[in-house]
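Just so it is clear, none of the values below were taken in a lab; they were calculated from the coordinates. Since the model is a prediction, treat every value here as computed from it, not as a measurement. Here the Cβ is made from the backbone with ideal geometry for all residues, glycine too, and neighbour counts use every protein chain on show.
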Amino acid sequence: MGQGVVRLGTRRTAPLAAGSLVGACLVIAAALLPTRAPSVDFSDCVTLDVSVSTEKGDLVEEMAERYNDEQRVIGDRCAHVETDKLTSGTASEELATGWDEQATGAPKPDVWLPSSSLWAQLLEHRTGEDLVSGEEKSVTTSPLVIAMPEKMARALGWPEVDLGWSDLRDLANNPDWGERGHPEWGRFAMGKDNPYHSTSGLAATIATYYAATRDRGGFSEHAVSRDAEVQAFVRQVESSVAHYATDSVVFLGNAYTEDQKGSDKPYISAMITQEQMTYLYNAGAPTGDPADLNTQPPPNDPLVAIHPADGTVMIDHPYLVLAGTSGHTREVAADFRDYLLAEEQQAAFVEHGFRDSEGRTSEKVATSVGTTAQRSVDSIDLPSAKLVKTMLDRWRTYRLRADVLLVLDESASMKETSDPRATESVSKLELLESAVQRGLDLLDNDDRVALWTFSTGPDYTRRMPMSPVGEVRDELSHVVRDDLRGTGNTALYNTTHAAHEMMRENLDPGRVNAIVLLTDGHDTVRGGVSRDELLDSIDAEHLDTSVRIFTIAYGRDADVEALEAIATRSKAAAYEARDPSDIDQVFVSALSNF
């Protein structure tokens, strides 16, 4: 699978690497001591459904399988744990609006393990309801860091100089690496996650506001909403973002791929992520999968984890039992929590780059990311959920604006039913209308969007020119609903090449420039642009001046391999909606990059 690929509704088992924690680990005795009882019916266990944030999803899944293998009995019932991975922001949205099992590919959870308790606070502020029942307890922790290629950090004076958000602001205002002795690196370009979907993005937004307000009276509604200097600080930091992502593994995966090519210029100048992800990158697991730990070559230019001198956020990874979880299920929830806090599991978290529940790390992890195990983390006191919501609202006005070209397949296969097994089923084209509408809702009125469609005869049609989203939302939805033909074959390569050339010719360096390419098939045109010619033409040598192509494989007949290659070569991400009913969620995920 290519780097930066996102799939839905999959459960995967990753082997758990053995390791020991240097230093004391917290050992919690189970409140309800589990036993084995031969009279217990192990075909009728109490099932605990757990939703886990993506960066620890594979690791917790392996722990859950070990838990299940122990055949634990709570009271008179056996216990069984099922885990599913979902980003914290997506899970929060689902819990707020009514959990959609089909869209998420997962049942509504009894227990939620987001990356940060911030999500629970925002959720309760939004709904006005107490959605978490009982004590919140961290099962692991990881500080937010600025991850930089070591040679770039050293060019800024690290480790002798303590860097922070103010330095990112200065780099955004003067982004030419040439003035720092390295013209070959081009312009400073930063990767950051979307704060509406990602904990790293959310925590980075809060920490940036903290750095902006620390000398101006601290967090307050006035400082966040009306202080001109605070707003200028945050806007300047955001101006260096090359593009946003729903998960930092997109940046890390692409950075690793570029590093392995031996490129002199790092893929990205800085990424805002958790310390744990920095460690996994340096250990050859750039997509965050523990199964890759120490199995792939380490990067030629490792990342260092800069703990911002002007404040950061300790990501607390809480274990949240959701309201409504009761009886035997609640007892299993308590037992699984205590299991995760036991010495063996705490050691495994640390072995995979996290800190333990008390914030302790190992010398091995610390050395890998360029710090020491003894170094304390200057973690800020978090603001109220109400003030965080204000920060998010303000962020929408500061974030880098986007020019997005939607390139949608309208070949004959798009008229096929979305579910061939059903007697009554809408077509893939019909499902696409609501997906496009939901995706557009993520864009602001002053973002710009254009629409091309493609099949054959002609290869592609320029349906709408690049226009402000606020002026064309309804018109674009109307075109998708009423004007797409559903005829012809699939001129995938010719169209992608032409779309990329158009965007390159009209590139605005002050905006995110990107293409969202959706198809349900393979290229069928002979004598046109070949696959190799296409990949050569879209190769993103310079992230800050390139056009990234985010691809969506729609249905089971799409050329997943080609789409992954296109996304990887352009330093973007590939998405899949093998089940066409998933297209709403997938389209939203793709548009969340902007």
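So in the chain, what percent of DSSP beta bridges are antiparallel if you round to the nearest 5?
Here the antiparallel bridges make up roughly 40 percent for the chain.
What number, in percent, do you get for the relative contact order of region 401-591 if the mean sequence gap of Cα pairs under 8 Å and at least 6 apart is divided by its residue count?
Once divided by the residue count of region 401-591, the mean separation gives 25 percent.
Taking the highest mean first, how do the peptides 482-489, 553-560 order by number of other beta carbon atoms within 10 angstrom per residue?
Working: 482-489: 15.6, 553-560: 20.9.
Sorting 482-489, 553-560 by mean packing, highest first, produces 553-560, 482-489.
Grab the DSSP H runs of the chain that are 4 residues or longer, score each as -39,500 (n - 2.57), total them, divide by all residues and round the 222 nm result to the nearest 500 deg cm²/dmol.
Value at 222 nm, helices only: -11000 deg cm²/dmol.
Sort region 335-383 into rounded, prolate or oblate with this rule: let a ≥ b ≥ c be the square roots of the eigenvalues of the Cα gyration tensor; rounded if a/c is under 1.5, and if a/c is not under 1.5, prolate when a/b is larger than b/c, oblate otherwise.
Taking the square roots of the gyration eigenvalues as a ≥ b ≥ c, region 335-383 is oblate.
Using θ = phi - 60° and the Karplus form 6.51 cos²θ - 1.76 cosθ + 1.60, what ³J(HN,Hα) does each residue of region 200-217 get, whole Hz, x for Gly and Pro?
For region 200-217, the Karplus curve yields 4, x, 5, 5, 5, 5, 5, 5, 5, 4, 4, 4, 6, 9, 4, 9, 10, x Hz.
Cα gyration tensor of region 117-176, axes a ≥ b ≥ c as square roots of the eigenvalues: rounded (a/c below 1.5), prolate (a/b > b/c) or oblate? Walk me through the numbers before you get to the answer.
Numbers: a/c = 5.00, a/b = 2.38, b/c = 2.10.
Since a/c reaches 1.5 and a/b is larger than b/c, the shape of region 117-176 is classed as prolate.
What distance in nm lies between label points placed 7 Å from Cα along the C-beta direction at Gln102 and Arg375?
Result for the modelled spin labels: 5.0 nm.
From Cα pairs below 8 angstrom and at least 6 apart in sequence, can you work out the relative contact order of the chain, rounded to a whole percent?
In percent, rounded to a whole number, it is 18.
Rounded to whole Å, give me the distance from the Cα center of region 94-135 to that of region 478-501.
38 Å
If packing is taken as the mean number of other Cβ atoms within 10 Å per residue, what is the order of 386-398, 73-85, 435-447, highest first?
Final packing ranking: 73-85, 435-447, 386-398.
Shape call for region 399-544 from the C-alpha gyration tensor, a ≥ b ≥ c root eigenvalues: rounded (a/c under 1.5), prolate (a/b greater than b/c) or oblate?
oblate
So which GluC sites (Glu not before Pro) in region 412-505 are both in a DSSP loop and have at most 11 other Cβ atoms within 10 Å of their Cβ?
Glu424
Identify which of the listed values of log10 I(q)/I(0) by the Debye sum over Cα atoms at q = 0.08, 0.09, 0.12 Å⁻¹ was calculated from the structure shown: [x] -0.75, -0.86, -1.24; [y] -0.75, -0.84, -1.11; [z] -0.56, -0.71, -1.25.
[z]
Among 223-233, 306-316, what's the highest-first ranking by average C-beta atoms within 10 angstrom per residue?
306-316, 223-233
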